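Participant: My questions all concern the structure below.
The values are calculated or read from the model by the stated rules, or taken from the named source; none is laboratory data. Just so we're clear, the structure is a prediction, and the values are computed from it rather than from any experiment. Neighbour counts are summed over all protein chains in view; Cβ atoms, including those assigned to glycine, are modelled from backbone coordinates with ideal geometry.
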Amino acid sequence: MRKKIVAGNWKMNTSIAEGVELAKAIVAKVNEVPQGVSLIVAPPFTHLTSVAKVLEGSPVALSAQNCADQPKGAFTGEVAASMLKDAGCAYTILGHSERREYYGETAEKLITKIALAFENGLKVIYCVGEKLAEREEGNHFDVVSEQIASVLFGLTPEQMKKVVIAYEPVWAIGTGVTATAAQAQEMHAFIRETLGTHFGEKVAQETTILYGGSCKPSNAQELFACPDIDGGLIGGASLKADDFIAIAKSY
């Protein structure tokens, strides 16, 4: 049975004090979450150690939003995977569309980042997804297939156990527009098929694939009912504990 996950990507939001209060509110409500559903929160770098203290002893896992493509050294402004592990992280998000779009992250960089994450005992939430023009042109499957093949196909089946994939249609991130359940399921099934072609059916069936892109309490239940959607990578709705927990309770 695949792991069900609801992960909150806080992006560049909240002060440290606000982040601590948000984490406390999530922990206080975690017993409302159905058994078998795991929660992850991904605060900004500055919040990690403070939020880690709040999560200690709870089932909520801590994730970073990114990591450096170097192990250490003279790389001003970067944060190494070893530092994230030291701060209490269990996961890091990599390949988010905002990182690809605004910071020019390439497949080569992401391959290096994943390797460093693994070396430091971190699991990876790897993001894929197409832009609006790519979907309108009918290229969405090609785009997502390339994002998977170029970065993940170098991994072993054993390493794939440490990867969660998040499908985020770029046209639905922060826009209020959500892919229909049918559109989301179609892409999730395609991703699983793509994994199966390379890694085999066992890996494909065991890989958790999350939906991201304006997932909220009002549509989570319909999305999570789809057979190949194993949870969500939540943006804006993860900034309110009640909404975040409500999404998790959609199961």
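Participant: Mind checking which residues of the stretch 85-144 are assigned to a helix (DSSP H, G or I), touching a residue at least 24 places away in the same chain (Cβ under 8 Å) and among the small types (Gly, Ala, Ser)?
Facilitator: Passing the criteria: Ser97, Ala107, Ala117.
Participant: Here's something else I'd like to know. Please go through (1) surrounded by fewer than 20 Cβ atoms within 10 Å (Cβ to Cβ); (2) of a type in the set (S, T, N, Q); (3) touching a Leu at 6+ places or on another chain (Cβ under 8 Å) for Asn66 and return the number of the only condition it doesn't satisfy.
Facilitator: (1)
Participant: If you take the residues of the stretch 190-224 that are among the polar types (S, T, N, Q) and either in contact with a Pro (Cβ under 6 Å, 6 or more places away or on another chain) or in contact (Cβ under 8 Å) with a residue 40 or more places away in the chain (or both), which of them is surrounded by the fewest Cβ atoms within 10 Å (Cβ to Cβ)?
Facilitator: Gln205
Participant: While we're here: Every residue in the stretch 6-62 that is of a type in the set (A, V, I, L, M) and assigned to a loop (DSSP other than H, G, I, E, B), please.
Facilitator: Met12, Val33, Val60
Residues are listed down the side, and each one gets a yes or a no for (1) among the polar types (S, T, N, Q); (2) modelled with pLDDT under 95; (3) closer than 19 Å to Thr207 by Cβ:
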| residue | (1), (2), (3) |
| --- | --- |
| Gly129 | no, no, yes |
| Ala133 | no, yes, no |
| Asn139 | yes, no, no |
| Glu146 | no, no, yes |
| Ala149 | no, no, yes |
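Participant: May I pose another question? What number of residues within the stretch 1-26 are under 14 Å from Asp243 (Cα atoms) and surrounded by fewer than 20 Cβ atoms within 10 Å (Cβ to Cβ)?
Facilitator: Counting residues in the stretch 1-26 that are under 14 Å from Asp243 (Cα atoms) and surrounded by fewer than 20 Cβ atoms within 10 Å (Cβ to Cβ) gives 1.
Participant: In the stretch 69-110, what residues are of a type in the set (Val, Ile, Thr) and either over 27 Å from Gly213 (Cα atoms) or buried (at least 17 other Cβ atoms within 10 Å of the Cβ) (or both)?
Facilitator: Result: Thr76, Val79, Thr92, Ile93.
Participant: So is Pro227 over 24 Å from Leu132 (Cβ atoms), touching a helix residue (DSSP H, G or I) at 6+ places or on another chain (Cβ under 6 Å) and surrounded by fewer than 19 Cβ atoms within 10 Å (Cβ to Cβ) or not? So that I can check it myself, show each step before the final result.
Facilitator: Details: over 24 Å from Leu132 (Cβ atoms): yes; touching a helix residue (DSSP H, G or I) at 6+ places or on another chain (Cβ under 6 Å): no; surrounded by fewer than 19 Cβ atoms within 10 Å (Cβ to Cβ): yes.
Taking the combined requirement at face value, the residue does not satisfy it.
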